[in-house]
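The values are calculated or read from the model by the stated rules, or taken from the named source; none is laboratory data. Just so it is clear, the structure is predicted and the values come from calculations on it, not from any experiment. Counting neighbours? That spans all protein chains shown, and the Cβs are built from the backbone with ideal geometry, glycine included.
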Amino acid sequence: DSQLIQGFVRLSKTEGNPASTYEQWIPAEEQDGVPSSIKQWKGVNLKDYQQQTQDIFSTLRYNMLVVNYFMNHFVFPREAKQFPHKLVSSAWDLSSSLRSKIITGFSGTNDTQLLLPVHIRQYDLPELQKTDAIVINNLLQPENESYQSLPINATSNETLDQI
């Protein structure tokens, strides 16, 4: 509940148009379950403890748009770093004895850029543009058309036998 309040306080104090953001959250809920007092931003009173606990918390606690708002404004800015350009390294670089500084990066193909936190932008290096096509081509090879599964409680010997 404290995180929800934290999000609402930020929404009311720093957003240029909090009503616009809030009005995107409400349609994500079943309209029968939304109390009429909070269907619009102007009806929300952050000083009313009863409205907070009975209406706001119970209605918006699991709303994914509210969760995303909290993550994008409170969690990701503190927990994720952004670098001015893509850092490219391999396992060889990470274990090199010549390395004098810690290497940090965010790996993945560029089709995952929509999954990055809002404040992080992906910059693709021109010399790596063909990498995604190579990966996709490798995945679509005939030898990758089947798989074997192990039971949940497989022993290490059973796993090795499958290999």
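Within region 128-156, restricting attention to residues that are modelled with pLDDT under 80 and not aliphatic (A, V, I, L, M), which residue is farthest from L65 (Cα to Cα)? Among them, the one singled out is Q129.
Among the residues of region 1-44, those identified as aliphatic (A, V, I, L, M) and assigned to a helix (DSSP H, G or I) are L4, I5, V9, L11, A19, I26, A28, I38. Whenever a residue of region 144-163 is surrounded by 10 or more Cβ atoms within 10 Å (Cβ to Cβ), its partners that are of a type in the set (D, E, K, R) and assigned to a helix (DSSP H, G or I), lying with C-beta atoms within less than 9 angstrom and at least six residues away or across chains, give the pairs L150/E158. Annotation: K47 fulfils all but one of (1) assigned to a helix (DSSP H, G or I); (2) under 23 Å from F74 (Cα atoms); (3) over 21 Å from the mean Cα position of the chain (by Cα); the unmet one is (1).
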